[in-house]
Amino acid sequence: MNFLKRIGIVTAVISIITLSGCSQSNIINPSSNSNSIITELPITKESKYPFPTAASLLGNGRLIIRTSSGTSEGGNIPILFVSKDTVLTQVGIDLLNWEGNKEVFLYIDKIFIEARQGGMRSQTSLSLVDDFLKPGIYKVSAIQFENNDPNSKIIGYQEAIFEVKSGS
C-alpha cells in the first residue's frame with residue numbers, strides 16, 4: 001500500500017474515533033405519560049471572552065445575518081436548514097457603520113466566537129459547529145469595547161437572530 005493511502009486510512013480512523021467520542025446522554029422524561037426522551041446537551045462551553053453583563057443595544061453599528069432564506073434586516077429571522085450529517089456550516093454576517101479602529105467581538109448565544117475589524121462595511125461569515133448545528137433559534141451579538149478591551153465599557157452593541165431547522 002502506498003504512503004498516501006496509509007495516511008488517508010490513519011486520518012479516517014482518527015476522525016471516526018474522535019467523532020464517536022462525542023457523547024450526549026438521554027433521559028426518560030418522568031413528568032410525561034409517554035416514553036419521550038429528553039436529550040441532555042454537553043456541558044456549556046466556556047467563552048474565551050465572557051459576555052458582558054447588562055449589555056443593551058448601543059451605537060450606530062448594524063449587524064445583519066444572511067442565510068439562503070434571507071436576512072435579519074427589519075427584524076426578520078433567516079432560516080438555515082442543516083442536515084443531520086453536517087459537521088460545519090456558515091452564516092453570512094454584514095457589519096455596517098462600526099468604528100474601524102476597533103474589533104467587533106461576535107458572540108452566539110453569549111459564547112465568544114471571533115473578533116473582526118470594524119469599519120463602514122465588512123462582510124464575513126461565522127462557522128457553526130457542534131451545538132450550533134442543532135435546531136433552534138440563536139442570537140448573534142456584535143460588540144465593540146472601549147480600548148478594544150472586552151473587559152472595559154461597551155461602546156457599540158447590536159444583535160440579530162437566525163434559526164436552524166432540520167434539513168434533509
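Observations on the model:
- Under 5 Å between amide hydrogens, built in the peptide plane, is the criterion, and for Ser72 it picks out Ile65 among residues at least 5 positions away or on other chains.
- Within the stretch 45-166: Cβ-based charge dipole about Cα centre, in debye rounded to nearest 20 (Lys, Arg +1; Asp, Glu -1): 120 debye
- Packing around the peptides 156-166, 70-80, taken as the average count of other Cβ atoms within 10 Å per residue, puts them in this order, highest first: 156-166, 70-80.
- Distant-in-sequence amide contacts of Gln90, defined by a placed amide H-H separation under 5 Å and a gap of 5 or more residues or a different chain, comprise Leu128.
- Kirkwood Rh in Å, taken over all unlike Cα pairs in the stretch 112-168: 13.4 Å
- Note, ³J(HN,Hα) from phi for the stretch 133-138, Karplus 6.51, -1.76, 1.60, rounded to Hz, x at Gly and Pro: 8, 7, x, x, 9, 10
Rule-based calculations on the coordinates, nothing more; no lab input. Quantities reported herein were computed from a predicted structural model and do not represent experimental measurements. Here Cβ is always computed from backbone atoms with ideal geometry, including for glycine, and neighbour counts include all displayed protein chains.
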